[in-house]
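What follows is a set of notes on a single structure, which appears directly below.
The values are calculated or read from the model by the stated rules, or taken from the named source; none is laboratory data. Predicted model only: the values in this text are computed from it and were never measured. With ideal geometry, Cβ positions are generated from the backbone for all residues, glycine too; neighbour counts draw on all protein chains shown. All accessible areas refer to the heavy atoms of the entire protein, side chains included, with ligands and DNA or RNA removed. Shrake-Rupley method; radii C 1.70, N 1.55, O 1.52, S 1.80 Å.
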Amino acid sequence: MGERRTMPVEGGLDHSIALLKEGYHFILNRRDRYDTNVFKTKLLAQDAICLSGKESATLFYDTNYFRRSDAAPKRLKKTLFGQGGVQGLDGEEHRHRKAMFMSLMTKDALEEISNITKKQWKQAAKNWESEKEIILYEEAKQVMTKVACAWTGVPLPERDLAKRAEQLADMFESAAAIGPKHWKGRKARASAEKWIEDLIENVRNEQLAVSPDRALYTFSWHKDLEGNLLDKKTVAVELLNLLRPIVAISVYVCLTGLAIHQFPNEVAKLESGKDKDHQWFIQEVRRFYPFFPFAAARVKKDFTWNGFSFEEGTLTLLDLYGTNHDPKIWENPYSFQPERFHEWKGSPFDFIPQGGGEFDLGHRCAGEWITLDIMKVSLKFLIHQIDYEVPKQDLSLSMVKMPSLPESKLVIKNIKCV
Ligand code: HEM
């Protein structure tokens, strides 16, 4: 047995306010201060262990040691996640539900979502030619709402587009908010769940015909481990676990647009049109810019790791942003260098913007391949299919807001399709 060590502990009553103030740098700041990848602090009036780095990520994604059932705070369930969804399941039940998601991610289905995205960008750009300027993030939300609905089989009349795009976005835009924005997120979730529940009912009583290869169909008829259909509310939560994050890819589209503007030398390397160069560029967008700050779990049973004691029930946060900027993993982590991905070995634990570990057995993001494909199509669209100018504007990124977007949400003007 290895030597017992005392985990560094941050003193003081509670550091939730510091978390709000320091945002994406909260864990990183303390990692540097205590020179450790493991420390204990107090958040939301309870002990919380913070982990960072590749070795810690490997531990965090070992489902023998961590559970998810009681990890997410109530306010996130009321807005971002919903209740009863795959994020809060463990063991066999999780594996079975996750398989429902992963069964959608076939090569053909991914190709289809890329094609839908290409078509939707092209259509949107035609309308932009007659506009003086557009806000890329706002446009992307509408484009992604169309993509998400078309791909999942959810009917979307044109007249409902703006309303649904706003509802789906409110759920992730409110994730870290307090006050009125948080309540807007709750209201959006309640309305969106009602919208989807009605569709599920119509699918089940055959009033709405939907192709059997669409998620609306497969999720509506999915059976749990006991062979029973899921209740309507749970199916709605899971369908929203597809629709909402597809719309959230708008954040990455906006950040891709920002990277194109900020790093013209890197854009020049994309001129040759090689797929791998585009792939490295979007990977670097996901590594470089902040999105989800951390993933949360609770210790499943008492154990010792590297000499440190972990007590059953302790809230544990894995620093996603900090691991993507860990100098032990990434040389010059604050410099935008897509070519670094040439050297990257593809470990599931060192590059974790959408979580780490395995897709099927653990909680790694079910939509990571979709995200990459949509980002790549969107990058190619912005670079090769339209010409535009970026007027002077406030492009500063907040390191405390979630999601973090350029302040102006990226205004572009004089758009021409090429
Ligand atoms: C917009 C870009 C996205 C980001 C930054 C993102 C990020 C994440 C993160 C950090 C997790 C949690 C990992 C963990 O708990 O350890 C997650 C889980 C998940 N994501 Fe994504 N995601 C994105 C897009 C998507 C898309 C497009 C889909 C579906 C089409 C999706 C579906 C899911 C699901 C279902 C889970 C829960 C997986 C589980 O608990 O087993 N995400 N995502």
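Applying the selection to the range 347-375, what residues are touching a helix residue (DSSP H, G or I) at 6+ places or on another chain (Cβ under 8 Å) and in a helix (DSSP H, G or I)?
Correct list: 369, 370, 371, 372, 373, 374, 375.
Of 378, 404, which residue is part of a loop (DSSP other than H, G, I, E, B) and over 24 Å from residue 93 (Cα atoms)?
Of the residues listed, the single one that is part of a loop (DSSP other than H, G, I, E, B) and over 24 Å from residue 93 (Cα atoms) is 404.
Only residues in the range 221-237 that are closer than 23 Å to residue 209 by Cβ count as the first member; pair them with residues that are of a type in the set (Gly, Ala, Ser) and part of a helix (DSSP H, G or I), Cβ under 7 angstrom, at least 6 apart or cross-chain, and list the lot.
Close Cβ pairs satisfying both conditions: 235/220.
Of all residues in the range 83-108, how many are away from the ligand (no atom under 11 Å from the Cβ) and crowded, with 20+ Cβ neighbours inside 10 Å?
0
Taking the options 117, 152, name whichever one is closer than 25 Å to residue 411 by Cβ and under 21 Å from the mean Cα position of the chain (by Cα).
Going through 117, 152 in turn, just one is closer than 25 Å to residue 411 by Cβ and under 21 Å from the mean Cα position of the chain (by Cα): 117.
Look through 345, 328, 300 and report the one residue that is within 16 Å of the ligand (Cβ to nearest atom) and of a type in the set (Lys, Arg).
None of the other options fit; the residue is 300.
Give 271, 284 a once-over and let me know the one that is closer than 25 Å to residue 412 by Cβ and at pLDDT below 95.
On the way: 284 fails: at pLDDT below 95.
The match here is 271.
Within the range 294-314, count every residue that is among the hydroxyl-bearing types (Ser, Thr, Tyr) and outside any strand (DSSP E or B).
Total meeting the criteria: 1.
I'd like to know if the range 49-62 contains one or more residues that are on the phi > 0 side of the Ramachandran plot, more than 13 Å from the ligand (Cβ to nearest atom), touching a residue at least 12 places away in the same chain (Cβ under 8 Å) and not hydroxyl-bearing (Ser, Thr, Tyr).
Yes - at least one qualifying residue is present in the range 49-62.
Out of the range 320-351, which residues are among the aromatic types (Phe, Trp, Tyr) and under 22 Å from residue 379 (Cβ atoms)?
The answer is 321, 330, 334, 336, 341, 344, 351.
Please list, ordered by first then second residue, the pairs with beta carbon atoms under 6 Å, 6 or more apart or interchain, first in the range 127-148 and in contact (Cβ under 8 Å) with a residue 24 or more places away in the chain, second among the polar types (S, T, N, Q).
Close Cβ pairs (under 6 Å, with a partner that is among the polar types (S, T, N, Q)) amount to 137/250; 140/250; 141/250; 143/120; 144/250; 146/120; 147/117; 147/120.
Scan the range 315-346 residue by residue and report those that are hydroxyl-bearing (Ser, Thr, Tyr) and either open to solvent by 20 Å² or more (accessible area, probe 1.4 Å) or part of a helix (DSSP H, G or I) (or both). Step through it out loud before you land on a result.
Just the residues of the range 315-346 that are hydroxyl-bearing (Ser, Thr, Tyr), to begin with: 316, 321, 323, 334-335.
Passing the criteria: 321, 323, 334, 335.
Please pick out the residue among 49, 17, 27 that is in contact with a Cys (Cβ under 9 Å, 6 or more places away or on another chain) and not polar (S, T, N, Q).
Numbers: 49 fails: in contact with a Cys (Cβ under 9 Å, 6 or more places away or on another chain); 17 fails: in contact with a Cys (Cβ under 9 Å, 6 or more places away or on another chain).
Answer to the check: 27.
Would you pick out the residues in the range 35-47 that are open to solvent by less than 70 Å² (accessible area, probe 1.4 Å), farther than 16 Å from residue 18 by Cα and of a type outside the set (A, V, I, L, M)?
Within the range 35-47, 36, 37 meet the criteria.
Enumerate the pairs (first residue in the range 348-376 and near the ligand (Cβ under 9 Å from one of its atoms) and modelled with pLDDT of 95 or more; second residue anywhere and among the acidic types (Asp, Glu) and assigned to a helix (DSSP H, G or I)) with beta-carbon separation below 6 Å, excluding pairs fewer than 6 apart on the same chain, so at least 6 apart or on different chains.
354/368
Give me a count of the residues in the range 91-118 that are over 23 Å from residue 369 (Cα atoms) and without any contact (Cβ under 8 Å) to a residue 40 or more places away in the chain.
Number satisfying all stated conditions: 1.
Using beta carbons and a limit of 6 Å, which pairs, at least six apart or on different chains, have the first residue in the range 266-293 and over 16 Å from residue 255 (Cα atoms) and more than 12 Å from the ligand (Cβ to nearest atom) and the second one among the hydrophobic types (A, V, I, L, M, F, W, C) and open to solvent by less than 40 Å² (accessible area, probe 1.4 Å)?
270/383; 277/270
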